[in-house]
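*Asks:* Below you'll find the structure I mean.
The values are calculated or read from the model by the stated rules, or taken from the named source; none is laboratory data. Not measured: the values here are computed from a predicted model. As a convention, Cβ positions derive from the backbone with ideal geometry for all residues, glycine included, and neighbour counts pool all protein chains shown.
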Amino acid sequence: MSTAAVAPPRDSRVNYLNANYGFRSWLLTTDHKRIALLYLMSITVMFFIGGAAATLMRLHLITPGGTLVQPATYNKLFTVHGIVMVFFFMIPSIPAVLGNFLVPLMIGAKDLAFPKINLLSWYIYIVGAGFTLYAILAGGVDTGWTFYTPYSSTYANTQVIAAALGVFITGFSSILTGLNFIVTIHKMRAPGLTWFRMPLFLWAMYATSVIMVLGTPVIAITIVLVAFERLLHVGIFDPKLGGDPILFQHLFWFYSHPAVYIMVLPGMGVVSEVIAAFSRKRIFGYSMVAFSSLAIAVISFLVWGHHMFVTGQSIYAGLIFSVLSFLVAIPSAIKVFNWTATLYKGSISYQAPMLYALGFIGLFTMGGLTGLFLASLATDVHLNGTYFIVAHFHYIMVGGTVMAYMAGIHFWWPKITGRLYPDGWARFAALLIFVGFNLTFFPQFMLGYLGMPRRYATYPAEFQVLNVMSSAGASILGIAYLIPLVYLIWSMRYGKIAGPNPWNATGLEWKTASPPITENFEETPVVTEEAYDYVHMPPMPSSAALAGEGDANV
Amino acid sequence: MLKVLTLPILAALDWPGIPLRPEPGSTIAEGVDKLHFFLTGITFIFTVTIFSTILYFAIKYRRREGNLKPAATKTIMWLEITWTVIPSAICALIFVWSSSLYFENSRAPNASMEIFVVGKQWMWHLQHPEGPREINELHVPLGVPVKLTMTSEDVIHDFYVPAFRIKKDVLPGRYTSIWFQATQTGKFHFFCAQYCGMEHAGMIGWVYVMTPGDYEVWLAGGAKGESMTQAGARLFTQYGCDTCHKPDETGKGPSLDGIFGKPQKLKDGRTLNVDETFIRQAITNPNSMPLENYAPVMPTFQGQLNEEQILDLMAYVKSLGALERKAK
């Protein structure tokens, strides 16, 4: 995309980071870029809390009898891991950090449509996280992140209400963010930026926002019903009070399956941007990739019953949910093929964002294909509730979304901070994460088929070898995630100055200063080109040039 | 055809070392394994193809002198259509295969032997109609179809026997069932596969598959108490059920002789078949289903009877039907 006459910045030293100082200027900011950084800090804290719980679990599972904690504590650990990672890291990760930062920049706007609501959604998130952290500190919660009834509503005697309230509250943060993005993308695109000139990241954000706005209210009301039953003994889910124990699962998965796509669609958006920039090609089949995002958003609301094949639901209902689940796999497959085809006859560089993006494609492919085992009725009966499920969704969530999130953070870090990080370290961390991840989760596919149920604090001895392998992988993964934390923080002060467009990438966000000024652009840009117009861009600078040594073109 | 192709894979799986599948212990295990390893093959082929294509492109089209400015991407519609149609066809094939297998596996043969399972935090109660009651152990004969009718005393549990490739949630307030026919003697793990609270991981037991002869011996040795029908008959008198449910229709309630399996008309116009769930609800919450032609005077027995006693009563009610049919 080229823009007409963007004037050079008034004073290149003034940007959104140093425009004003002090806590008030951050806590009362309505600048989408500062709010993105508030989210970045908050979700990073939550990621390491959730990660610590996972580390303790994997340490505990080195021996069949458990090495570390009592079963009650183990149950709280996997619950905390699930709740924190799903609701307080994965769901806000790409939308609230990268989406917040990039949606206005990519469409050439000064801010989101509702800047104050944007700040409000961060505060709501913090209040929700506060309730959840309180639940952890006040003794923990042991229902699993799924809060299945009647265990959660009647039998558990842990901090169910506080934790559920945390999830309930943070849901409103999602709804408001989704609403903000939808309005912004509809109403505030720069002149010339038609729908089919938008970068695919925006299509992904749009599809995600639709799911957030339509799905999240369902989980909210479900949580309220659990609280009603727990506090007031109104019979909704517990059959002893006249309720239906399965009703909860219908409501829960009606949100939580689409929520999987809240987590993974933004990742697909990031990967589209990174693949295009690092292979210097427009994404192959742009409109197929864009429409497949929308197709996923629609079909994802119709597949919730595949979580319930063994609950005793009608076998005919199972049949319908099975066929719809196969259907939702097709758009994802289309995306994978299109990304791969984009590389054909490209000019491919391997800086850290690209390594993460290629890692995403591989791991997401495996995660998606192992989903077929679970959409199949006959195999799901055996695999449901085992470690196979755990491995499958970690390939999607961690191998997919977290990889994409890391790709995005590394790709736009120079834009966010104005500095480059040491690429050697970043590549090393990317490889280490890839290796650690596979060693952690591949053995779990095997454990699952052998029959090891998930959420077991202790297990029969025949499962030990694979558990030890998984724990070994987890220790590598744990260390690998700490490395970026170190060099990214280091780079904020000592990194090389990036300049407005270190990757020579297309997109309006690269047409303004790094870091951008508070108003994003000196003048409203005008778009005259398709997205990913790499034919008219200079080549990707060499690694040496990016590191500040040597000729940019070799 | 495809099912035949997977046979050599299955043979290769049972190598010593890390096993890739649990022992196939039931008639449905081999079928599930074939589908599973067919899917594994599909996963392997696609993953390797994608990985190696990426690797090939990544090396061939790496950034270097003379390859800094690639040409524009073209849209190739036939390619898009091809890679939409092929995965769709594969998915359709898997769907048909797996659904027909699932339908086959779901139907319990009519001649199945019945065993009743009650899950409670955190143990399994298993009852044989002839009397023996087991905790966290289940003895069954080889080669005989066994149907498990299951319910829970408290939260949702799940009965899972990996060697048999069967699993079903065990729900409070209703009955679910699964069946299997064991194909080899030995002992096999069963697990609770739905998180149910603190000692979830301790809700484990063993299925002992015995030759029919050994099973008879075991049954004779274990059946010291009353059978489920006898226990049900005792409870029927003890809780005064017999004062209203008289065999000759002279009581305030309907006669229960031969009632199991027959439709009953309700005051609200519905007609329901008398099955396990019907009887359970009639005992625990009779007001929710008043019968046509009868006054709604039956008290609830919710909280007075545990799930095992309700199962005993059910066995007794079913036996009333059987006696009548025999008399005819």
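*Asks:* So, of the residues in region A:427-481 that are within 14 Å of A:Met57 (Cβ to Cβ) and hydroxyl-bearing (Ser, Thr, Tyr), which turns out to be farthest from the other protein chains (Cβ to nearest Cβ)?
*Replies:* Checking each candidate, the answer is A:Ser475.
*Asks:* For B:Gly221, which of the numbered conditions (1) without any contact (Cβ under 8 Å) to a residue 60 or more places away in the chain; (2) touching a Phe, Trp or Tyr at 6+ places or on another chain (Cβ under 9 Å); (3) more than 7 Å from chain A (Cβ to nearest Cβ); (4) not in a strand (DSSP E or B) fails to hold?
*Replies:* (2)
*Asks:* Specify which of the listed residues (A:Trp503, A:Trp490) is within 30 Å of A:Phe201 (Cα to Cα), surrounded by 14 or more Cβ atoms within 10 Å (Cβ to Cβ), within 14 Å of chain B (Cβ to nearest Cβ) and in contact (Cβ under 8 Å) with a residue 40 or more places away in the chain.
*Replies:* A:Trp503
*Asks:* Another question, if that's okay. Residues in region B:182-201 that are out of contact with any Leu (no Cβ under 9 Å at 6 or more places or on another chain) and on the phi < 0 side of the Ramachandran plot: how many?
*Replies:* Residues flagged as out of contact with any Leu (no Cβ under 9 Å at 6 or more places or on another chain) and on the phi < 0 side of the Ramachandran plot within region B:182-201 amount to 13.
*Asks:* Here are some conditions: (1) closer than 25 Å to B:Leu93 by Cβ; (2) at pLDDT 95 or above. A:Gln313 meets all but one. Which one does it not meet?
*Replies:* Tallying (1) closer than 25 Å to B:Leu93 by Cβ; (2) at pLDDT 95 or above, A:Gln313 fails exactly one: (2).
Each row is one residue, and each column tells you yes or no for (1) assigned to a strand (DSSP E or B); (2) touching a residue at least 60 places away in the same chain (Cβ under 8 Å); (3) surrounded by fewer than 24 Cβ atoms within 10 Å (Cβ to Cβ).
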site	(1), (2), (3)
A:Phe393	no, yes, yes
A:Gly399	no, no, no
A:Ala404	no, yes, no
A:Lys415	no, yes, no
A:Phe428	no, no, yes
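*Asks:* Are any residues in region B:143-164 among the aliphatic types (A, V, I, L, M) and either buried (at least 18 other Cβ atoms within 10 Å of the Cβ) or free of Cβ contacts under 8 Å to residues at least 40 places away in the same chain (or both), and if so, which ones?
*Replies:* Hits for region B:143-164 are B:Val146, B:Leu148, B:Met150, B:Val155, B:Ile156, B:Val161, B:Ala163.
*Asks:* Looking at (1) crowded, with 21+ Cβ neighbours inside 10 Å; (2) in contact (Cβ under 8 Å) with a residue 12 or more places away in the chain; (3) touching a Phe, Trp or Tyr at 6+ places or on another chain (Cβ under 8 Å), find the lone condition where A:Leu214 falls short.
*Replies:* Tallying (1) crowded, with 21+ Cβ neighbours inside 10 Å; (2) in contact (Cβ under 8 Å) with a residue 12 or more places away in the chain; (3) touching a Phe, Trp or Tyr at 6+ places or on another chain (Cβ under 8 Å), A:Leu214 fails exactly one: (1).
*Asks:* Ok, one more. Among the residues of region B:279-293, is there at least one that is closer than 25 Å to A:Gly242 by Cβ, of a type in the set (A, V, I, L, M), touching a Pro at 6+ places or on another chain (Cβ under 7 Å) and modelled with pLDDT of 85 or more?
*Replies:* Of the residues in region B:279-293, the ones closer than 25 Å to A:Gly242 by Cβ are B:279-292.
Okay, now just the ones that are also of a type in the set (A, V, I, L, M), so B:279, B:282-283, B:289, B:291.
Pick out the ones that are also touching a Pro at 6+ places or on another chain (Cβ under 7 Å) and you get B:291.
If we keep only those that are modelled with pLDDT of 85 or more too, we end up with B:291.
Taking every residue of region B:279-293 in turn, at least one turns out to be closer than 25 Å to A:Gly242 by Cβ, of a type in the set (A, V, I, L, M), touching a Pro at 6+ places or on another chain (Cβ under 7 Å) and modelled with pLDDT of 85 or more.
*Asks:* Would you mind stating whether A:Leu369 is surrounded by 22 or more Cβ atoms within 10 Å (Cβ to Cβ), within 10 Å of another protein chain (Cβ to nearest Cβ), under 16 Å from A:Val264 (Cβ atoms) and not β-branched (Val, Ile, Thr)? I'd like the intermediate steps shown before the answer.
*Replies:* Working: surrounded by 22 or more Cβ atoms within 10 Å (Cβ to Cβ): yes; within 10 Å of another protein chain (Cβ to nearest Cβ): yes; under 16 Å from A:Val264 (Cβ atoms): yes; not β-branched (Val, Ile, Thr): yes.
Criteria met by A:Leu369.
*Asks:* Report the residue count in region B:294-327 for those that are at pLDDT 85 or above, of a type in the set (A, V, I, L, M) and in a helix (DSSP H, G or I).
*Replies:* Total satisfying the criteria: 6.
*Asks:* Here's a follow-up. Failed condition for B:Glu114, given (1) in contact (Cβ under 8 Å) with a residue 40 or more places away in the chain; (2) in contact with a Pro (Cβ under 9 Å, 6 or more places away or on another chain), with all others met?
*Replies:* In the conditions (1) in contact (Cβ under 8 Å) with a residue 40 or more places away in the chain; (2) in contact with a Pro (Cβ under 9 Å, 6 or more places away or on another chain), B:Glu114 misses (1) alone.
*Asks:* If you check A:Ser153, A:Ser121, which single one turns out to be hydroxyl-bearing (Ser, Thr, Tyr), modelled with pLDDT of 95 or more and part of a helix (DSSP H, G or I)?
*Replies:* A:Ser121
*Asks:* Does region B:10-20 include one or more residues that are at pLDDT below 90, touching a helix residue (DSSP H, G or I) at 6+ places or on another chain (Cβ under 6 Å) and facing chain A (nearest Cβ under 7 Å)?
*Replies:* Yes: one or more hits.
*Asks:* Using the structure shown, decide if B:Gln181 is outside the structural domain of B:Val155 (by TED's automatic domain parsing) and of a type outside the set (A, V, I, L, M).
*Replies:* Criteria not met by B:Gln181.
*Asks:* Now, a different point. When A:Met268 is evaluated against the numbered criteria (1) within 13 Å of chain B (Cβ to nearest Cβ); (2) surrounded by 23 or more Cβ atoms within 10 Å (Cβ to Cβ); (3) under 25 Å from the mean Cα position of the chain (by Cα), which criterion, by number, is the only one it fails?
*Replies:* Going through the list (1) within 13 Å of chain B (Cβ to nearest Cβ); (2) surrounded by 23 or more Cβ atoms within 10 Å (Cβ to Cβ); (3) under 25 Å from the mean Cα position of the chain (by Cα), A:Met268 breaks only (1).
*Asks:* Please enumerate the residues belonging to region B:34-74 that are more than 9 Å from every other protein chain (Cβ to nearest Cβ) and under 30 Å from B:Pro145 (Cα atoms).
*Replies:* B:Lys34, B:Phe37, B:Phe38
*Asks:* Scan region A:328-340 and give yes if some residue there is in contact (Cβ under 8 Å) with a residue 40 or more places away in the chain, surrounded by fewer than 24 Cβ atoms within 10 Å (Cβ to Cβ), at the interface with chain B (Cβ under 7 Å from one of its Cβ atoms) and within 30 Å of B:Gln194 (Cβ to Cβ), otherwise no.
*Replies:* yes
*Asks:* Sticking with this structure for a sec: Consider region B:77-88. How many of its residues are among the aliphatic types (A, V, I, L, M), closer than 13 Å to A:Met288 by Cα and more than 8 Å from chain A (Cβ to nearest Cβ)?
*Replies:* Looking only at that region, the number is 2.
*Asks:* Would a scan of region A:534-554 turn up a residue that is surrounded by 21 or more Cβ atoms within 10 Å (Cβ to Cβ), within 12 Å of chain B (Cβ to nearest Cβ) and hydroxyl-bearing (Ser, Thr, Tyr)? Before the answer, list the steps.
*Replies:* Of region A:534-554, the ones surrounded by 21 or more Cβ atoms within 10 Å (Cβ to Cβ) are A:534, A:540-541.
Filter once more, keeping what is within 12 Å of chain B (Cβ to nearest Cβ): A:534, A:540-541.
Now narrow it down to the ones that are hydroxyl-bearing (Ser, Thr, Tyr): A:534.
Yes, some residue in region A:534-554 is surrounded by 21 or more Cβ atoms within 10 Å (Cβ to Cβ), within 12 Å of chain B (Cβ to nearest Cβ) and hydroxyl-bearing (Ser, Thr, Tyr).
*Asks:* Can I ask one more? Here are the criteria: (1) free of Cβ contacts under 8 Å to residues at least 60 places away in the same chain; (2) surrounded by fewer than 23 Cβ atoms within 10 Å (Cβ to Cβ); (3) touching a Pro at 6+ places or on another chain (Cβ under 9 Å). Tell me which single one A:Ser292 does not satisfy.
*Replies:* The failed condition is (2).
*Asks:* Okay, next question. Among the listed residues A:Phe284, A:Phe326, which satisfies the condition of being under 23 Å from the mean Cα position of the chain (by Cα) and closer than 22 Å to B:Phe46 by Cα?
*Replies:* A:Phe326
*Asks:* Could you say whether any residue in region A:290-307 is more than 9 Å from chain B (Cβ to nearest Cβ), closer than 30 Å to B:Thr151 by Cα and of a type in the set (Gly, Ala, Ser)? Give the derivation first.
*Replies:* First, pick out the residues of region A:290-307 that are more than 9 Å from chain B (Cβ to nearest Cβ): A:290-307.
Applying the additional criterion that residues be closer than 30 Å to B:Thr151 by Cα yields A:302-307.
Now narrow it down to the ones that are of a type in the set (Gly, Ala, Ser): A:305.
The answer is yes, given that some residue of region A:290-307 is more than 9 Å from chain B (Cβ to nearest Cβ), closer than 30 Å to B:Thr151 by Cα and of a type in the set (Gly, Ala, Ser).
*Asks:* Could you list, in sequence order, the residues of region B:187-218 that are in a helix (DSSP H, G or I) and closer than 18 Å to A:Gly385 by Cα?
*Replies:* Hits for region B:187-218 are B:His200, B:Ala201, B:Gly202.
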